[in-house]
Amino acid sequence: MTLVSGWGRFPVVDSEVLRPRSFEAVGEAVVTGSVARGNGRAYGDAAIGAVRTIGMTGFDRVRSFDSATGRIRLEAGVLLSDLIDTFGPRGFLPFVVPGTRFVSVGGAIAADVHGKNHHGEGGFGRYVDSILLRTGQGETIEISREQNSDAFFATVGGIGLTGIILEATMRLRPVETGWIRERVISAADLDAAMRALEAGDSATYSVAWIDCVARGNDLGRSLIYLGEHAAASELAEGADRFPVGKNPGLAVPIDLPSITLNRTSIRAFNELYYRMGARRAGGDHVVSLYPYFFPLDSIADWNRIYGRRGFLQHQCVIPERGARAVLADILDLVAKRGDASFLAVLKKLGHGDGLLSFPLPGYTLALDFPVKGDILNFLDEIDRLVVAAGGRLYLAKDARQSRATFEAGYPALARFNAIRKSLDPAQNIRSKLSQRLFDEV
Amino acid sequence: MTSRKTVLVLGGSSDIGRAAARAFAKAGYDVGLAGRDAAALEPDAADLRARYNIEASTLVFDVLDTASFDGFVAGLPALPDVVVSIIGLLGVQPNAESDLAHATTIMRSNYEGPSLILGLFAEKFLGRGNGTIVGVSSVAGDRGRASNYVYGSAKAGFSAFLSGLRARASRGGVHVVTVKPGFVRTKMTEGMKLIGPLTVDAPVVGDAILNAVEKKTDVVYVSGKWRLVMLIIKTLPEAVFKKLKF
């Protein structure tokens, strides 16, 4: 057995890790208690097998690409970073990217990841036309909106529990350049931030970085980043159409002692970040897609900032109606506590496509907390607010929510379970997350 | 006819072979992938075509079947600009100590076959007056170690072959590159204990091979740290070295 954890490095659990080299070997690798794992960017226990974890990043081939339509068939282990580096210069990008480019296509489908364009363009799964799935009972089936559609909508956002995603056909977005025309808006408080996101509905990309230690009148003060794909004519003279994505250079070499992150250091960082951003507010400027979409990717192993014990990301979505009051209550609790680190992310979401897709029309708030003290109890307290508001938590980032919280947040769960059971009657596919939240004990 | 340059990768199904093929294809080369099972290489050829809009083909090549080498080279549709041998077999040292057949396979896979086929290409390239030959050898060939000297000695022979070939071929316009990757995370090293800071991923080796071809480098240690490490290991007196657990 091997000790395995997600990107948040909590929990750390035992699971045998296999890296099969052929689809036949994937099938042979499945035992009761197996789940697929992509590049390990899920924060908690979603991509850790109850017994065996099947690493899929070796499957990184592109099967075919149509440069007229942007349709691509690929193996599930291809990373979005690879897609961007390879097809960006040819004028195509993924329609949806999350906050890191180091996720696999299979993982992006299983989590139905959302990006800064979810309010207008939906999630990753919307651009997936079909999936080659190896079910828990050993069948390999092609699933799409038309063919095996139940399995398709259970697999998009299904957190790996319908089977192992082997291949997918999806559409890429034609772009003229790899640059984003960005506008920064500074918002003095939560109301202003929500108004700015509302007004940003017509923008392709929008996201707010909230200073979550600001309190009182400053509660919810933030910087809103709107973005559009830049046309070639908007680039500076002599600029490359497609910027080069550097591999993470600066790495966090060791686990920082937990003392590094404290109320004072976070407050100082956030003050500086807010002021620097506010200074850039106003006019448009053109930035490379890499810092725009993936601000943290430039620091390798940034998860080590939180120390050896790891961290928890708490990402909830609150339905639009009544969101303002609930978000204010959550931010107030967090600001009083003072150790949520750096900047929180607030953004608007639209409808999710899969049965267990996280997004619903409303506002999502993502917060990071180091694992220490009474943090688990504190997050339970926040969960009560989320549940009362009809919200839910993002499974790809979860490591600790209760069954009750999960069941309250995902009304399509019964339907998902029925489809899962039909694909895998013996429930061979099980993750640590499914044991925690789904499976009968 | 295409005016693009061509590279032939011998051992195209290995992780380093795939990475090298991608690096060359990305740089605009047409690629031939050669291995024992050509059908198994087809998905990789399709990957190169889809990604880089180049031509990619697959060929059958078995490094142990030296009798087939003349026919293999003669049967190529065109002589490539660059030929890269990634072929190698780590084997299991303790087995090789008592099993002559296993030891022979390791020696032939790492020395005899790669040397003979690259030597054959060198003759053709010299006849044409240009070409680049790349042999992927190993830091293990720099000094025999108790833990893998069968493999290491074959790599040492291969390194010596490449060095001699380079001296001769350079006068005829043909360049020979020796690549010593050090620890690489691949199928071959899966499950082995590798030293993190000295270990690289296959794409790093692929890029290093392309870079060495384009810059006409002679000997490449993929991670510069290995040059220093091996310098120290090579200069240790034998009396000291044999006592080290290494």
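Computed quantities for the displayed model
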quantity	calculated
Solvent-accessible area buried by pairing A with B, both sides, nearest 100 square angstrom, 1.4 angstrom probe	1100
Distribution of pairwise C-alpha distances over region A:1-129, 10 Å bins, in %	13, 40, 33, 13, 1
Protection proxy ranking, peptides B:143-154, A:213-224, average beta carbon neighbours within 10 Å, highest first	A:213-224, B:143-154
Ranked by how many other beta carbons lie within 10 Å on average, peptides B:132-138, B:53-59 from highest	B:132-138, B:53-59
Flagged links, alpha-carbon separation over 30 Å, of B:K5/B:K193; A:K116/B:K5; B:K215/B:K245; B:K155/B:K193; A:K432/B:K187	B:K5/B:K193; A:K116/B:K5; B:K215/B:K245
Estimated FRET transfer efficiency (B:L228, B:E97; beta-carbon r; R0 35 Å; 0.05)	0.70
Fraction of the pair-distance distribution of region A:137-190 above 14 Å, Cα-Cα pairs, percent	69
Reciprocal mean inverse distance between Cα atoms of region B:34-97 - Kirkwood radius, Å	14.0
Alpha carbon centroid spacing (whole Å) that separates region B:1-44 from region B:76-136	16
Centroid-to-centroid separation of region A:382-400 and region A:177-193 [C-alpha atoms, Å]	26
Low-density loop cleavage sites - trypsin sites (Lys or Arg not before Pro) in region A:306-337, where at most 11 other Cβ are within 10 Å (DSSP)	A:R321
Convex hull of Cα atoms in chain B, direction-averaged projection (nm²)	13.6
Rounded accessible area per residue of chain A, 1.4 Å, Å²	38
Protein accessible area in the protein assembly as shown, 1.4 Å probe - carbon and sulfur %	55
Per-q log10 I(q)/I(0), region B:82-155, q = 0.19, 0.27 Å⁻¹ (Debye; single scatterer per alpha-carbon; no solvent)	-0.74, -1.15
Solvent-accessible area lost in complex, 10 Å² minimum, residues of region B:170-210 relative to chain alone, 1.4 Å	B:K187, B:E190
Distance between modelled label sites at A:A232 and A:S67, nm, 7 Å Cα→Cβ extension	1.4
Accessible area (Å², per residue) of region B:181-246, counting only protein heavy atoms and a probe of 1.4 Å	65
Surface per residue (accessible, 1.4 Å probe) for region B:1-69, Å²	40
q = 0.17, 0.23 Å⁻¹: log10 I(q)/I(0) that the Debye formula gives for region A:113-226, counting C-alpha atoms only	-0.85, -1.14
Accessible area, probe 1.4 Å, largest first, for residues A:I185, A:I266, B:I195	B:I195, A:I185, A:I266
Rounded FRET efficiency, nearest 0.05, which uses the C-beta distance separating B:T66 from A:A268 and R0 of 60 Å	0.30
Rg over Rh, two decimals, region A:268-375 (C-alpha only, Kirkwood Rh)	0.98
For the protein assembly as shown, Kirkwood radius (reciprocal of mean inverse C-alpha pair distance, Å)	27.3
Geometric extent, Cα atoms of region B:105-246 - Rg, Dmax (angstrom)	15.7, 50
Protein-protein interface of region A:35-69, residues with accessible area decrease of at least 20 Å², isolated chain reference, 1.4 Å probe	A:D60, A:R61, A:V62, A:R63
Peptide A:85-92 - average C-beta neighbours from other chains (10 Å radius)	2
Diffusion constant of region A:293-441 at 37 °C, which comes from Stokes-Einstein with the Kirkwood Cα-pair radius and 0.692 mPa s, µm²/s	197
Helix-only mean residue ellipticity at 222 nm for the protein assembly as shown, each DSSP H run of n ≥ 4 adding -39500 (n - 2.57), per residue, nearest 500	-10000 deg cm²/dmol
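The values are calculated or read from the model by the stated rules, or taken from the named source; none is laboratory data. Computed from a predicted model, the values in this text were never measured in an experiment. Ideal geometry is used to build each Cβ from the backbone, glycine not excepted, and the neighbour counts take in all protein chains shown. Side chains included, ligands, DNA and RNA excluded: accessible areas come from the protein's heavy atoms. Shrake-Rupley method; radii C 1.70, N 1.55, O 1.52, S 1.80 Å.
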